[in-house]
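J.: Have a look at this one before I ask anything.
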Amino acid sequence: MELEYVKYLAKGFETDAVLIDLMNAYGNDVWNFAFFLIRNADAADDICQDVFLTVYEKLHTFRGEASMKSWLLAITRNKTYKYKRSAYFSKVIVMDFVTRRETSRSAEAEVFDRMETKYIWNTVMKLPLRYREVLILEIHYQLSMQEMASMLQLAEGTVKSRLHRARKKMASLLQSDSKGGNII
């Protein structure tokens, strides 16, 4: 769902109503993309909230050169990378993951259990970030090569190359798992 009217807004408009529309239309996409990049539900919650706070403050700067979805996903990507570089993430989250042993199932496990394609998504999550990112943007979010290149600030050739390598790596992982008998 594209919210075409957003690119015609000027500073001083009813930002609250527009933000609610954006959150309803793209909230799940933003959270899912953050989760795919960071692999932590709590961090994805924080990032999603931070994305929409930024959108609230900067909505008047949207020029309509990209789709609203790709603009939001680009902000999400930037916020996720910034979060990963933060001292909190590198010290607290990683140490928490290493030291804490949970007896209950994690939120991530619950989410993947509900997905019909659990095995495929688990394999996608094993890919290096640069390959996982382009694969998810193409398959899940259905962005074009041009939109991905603009969002990732890469040349289209680089995006095509990464996508080709991601598919090749996925095929290799799936084939090695089928030979080893690790398929569902």
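J.: R0 = 30 Å: FRET efficiency of residue 164 with residue 16, Cβ-based, nearest 0.05?
T.: 0.10
J.: Using 0.36 nm per residue, how much length does the chain from residue 130 to residue 85 gain when fully extended, once their Cα-Cα distance is taken away? Don't skip to the end; give the middle numbers.
T.: Numbers: separation 45, 0.36 × 45 = 16.20 nm, distance 1.58 nm.
Value of the extension gain: 14.6 nm.
Where a number appears in this text, it was derived from the coordinates with a stated rule and is not lab data. If you're wondering where the values come from, they're calculated on a predicted model, not measured in any experiment. Neighbour counts run over all protein chains shown; Cβ positions are idealised from the backbone, glycine included.
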